[in-house]
Structures are given as C-alpha cells and as structure tokens.
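The values are calculated or read from the model by the stated rules, or taken from the named source; none is laboratory data. Here the structure is a predicted model, which means the values were calculated and not measured. Using ideal geometry, Cβ is built from the backbone for each residue, glycine included, and neighbour counts are taken over all protein chains shown. Accessible surface areas use protein heavy atoms only, side chains included; no ligands, DNA or RNA. Shrake-Rupley method; radii C 1.70, N 1.55, O 1.52, S 1.80 Å.
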Amino acid sequence: MRSARKALLGIGGLLVLWIGWGVYVDRTTERVPSETLDRFDGVEIRRYPRTIVAETTAGDARTAFGRLFRYISGANARREELSMTAPVAVRGTAIPMTAPVRTGSDGGDVMMAFYLPQTYTSETAPTPTDADVRLVVEPPRTVAVRRFSWYATDERVRRERERLREELTRRGLETDGEPALLQYNDPWTPPFMRTNEIEVPVADVPDDHYSDHSQTVTRE
C-alpha cells in the first residue's frame, strides 16, 4: 500500500511539473503581435504588421531547423543570441513540433523560417554567417484563423481547415493564399494545454466590414 501511495505521489508530482512547464513556456515565449479585427463562429480575422524572418531552404526539416537554430544561437555577424518567437507556422505536409517555425515545400525541399522579435528591423537584425540563411521582410497581412487544441494530427488539421473555409464562404470572405498551421507550444507542453490555429490569408476588405463585430487586441 505504501509503495502504491509513493508511486501515485510521484506520478502526481511529475504531472504538476509537466503542467508547470507548459504554463512557463506559454507565459515567457514572445508572440508575433497582431490586431484582432473581428470574431465570429470560432473564427478570428487578424491583421499582422510587417515582420522579419530568418529563412532557409533544405532537403529536410531537421537540416533547415538546425541552420536557423544556430543563427538565433549566435551564428551571426554579431554572435548575438536572439529570443525565439511563437507561433510556429507550417505550410506543407511536414509539421515540425518546435517553435517558432514556418515551413513549406519547394520542389521537394523544405522552406523554413523563424520569426524574429519585433525589436529587430531589416537594418538591425544580425546578418547570418551561414550563406544558406537569409533575412526576409514580410509585408503586413490580413488572415482568418480558427483555433483548436491537443495534437495537430492530419485529421484534426483537415477538419478545422474545412470548417474555416465553410465559415469564410458563409460570410462572403475570399481567401488570398494557401492555409497554414500555427502552433504555439514546444514539444513538451501537455496536449490539453496546446494551442493550434489554422490560418489562411484573406483578401483586403474595407474596415467598416468589421464595424459591427470588431475587437482590437494587441498580442505581446
């Protein structure tokens, strides 16, 4: 009986630590800021400012991630360490579980990018020492997102993507690009604490289109 009690206490302690880690990562990871223009039926219309990303193309996700991780760890002209920023943005079939990454396929290769903290501009971001890593400026963009939790399995991603498209069609909003999967947590976050989103760019519409529903929120 005593051994069983100790085992239960040990499992309970590990669960507390696991949850605590998820809370810590969520509160300490910088997020790409955005403005919420509208919310309806589980969908958020969001506007992002101009962002700076470090980007690379490689034959596989592991190689691409390694290059970019070395860049933010000091493989740059100033040997400067950069903070990691969420969310992960994934385009294509491979879903890396480490933030913050955006990936996509290009003729069999993997394109991956890390969002840099907002304190950097194209002029102040440290220059990569690896010639295969480049700095890219992304212009402001308006997107629609639908949030879901737990692991982002292929089936969940497909289901939420279809629901997002259905809601946008019902509202008469046109998409303007391919959907992406956004992930906000590291690999060790408990599944019930994970935040995932399906994102798709939407065509620009007049601001008064959102006047009846708009809520402005800046994410730090």
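Quick notes on this one:
- Residue 98 vs. criteria outside any loop (DSSP other than H, G, I, E, B), touching a helix residue (DSSP H, G or I) at 6+ places or on another chain (Cβ under 8 Å) and either modelled with pLDDT under 70 or open to solvent by 70 Å² or more (accessible area, probe 1.4 Å) (or both): no
- Residue 189 part of a loop (DSSP other than H, G, I, E, B), modelled with pLDDT of 80 or more and among the β-branched types (Val, Ile, Thr): yes
- Unmet requirement for residue 71, which otherwise passes all of (1) at pLDDT below 85; (2) open to solvent by less than 40 Å² (accessible area, probe 1.4 Å); (3) assigned to a helix (DSSP H, G or I): (1)
- Failed condition for residue 63, given (1) modelled with pLDDT of 70 or more; (2) closer than 19 Å to residue 47 by Cα: (2)
- Those residues of segment 158-187 which are in contact (Cβ under 8 Å) with a residue 60 or more places away in the chain and more than 19 Å from residue 46 (Cα to Cα), in sequence order: 185, 186, 187
- Condition met for residue 143 (at pLDDT 90 or above, in contact with a Gly (Cβ under 9 Å, 6 or more places away or on another chain), of a type in the set (A, V, I, L, M) and in a strand (DSSP E or B)): yes
So that you can scan it fast, the table gives a plain yes or no per residue for (1) of a type in the set (D, E, K, R); (2) modelled with pLDDT of 90 or more; (3) farther than 20 Å from residue 138 by Cα:
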{"residue": "35", "(1), (2), (3)": "yes, yes, no"}
{"residue": "53", "(1), (2), (3)": "no, no, no"}
{"residue": "56", "(1), (2), (3)": "no, no, no"}
{"residue": "75", "(1), (2), (3)": "no, yes, yes"}
{"residue": "84", "(1), (2), (3)": "no, no, no"}
{"residue": "91", "(1), (2), (3)": "yes, no, no"}
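- Only a single item in (1) modelled with pLDDT under 85; (2) more than 17 Å from the chain's Cα centre (by Cα); (3) buried (at least 16 other Cβ atoms within 10 Å of the Cβ) is not met by residue 135, and it is number (1).
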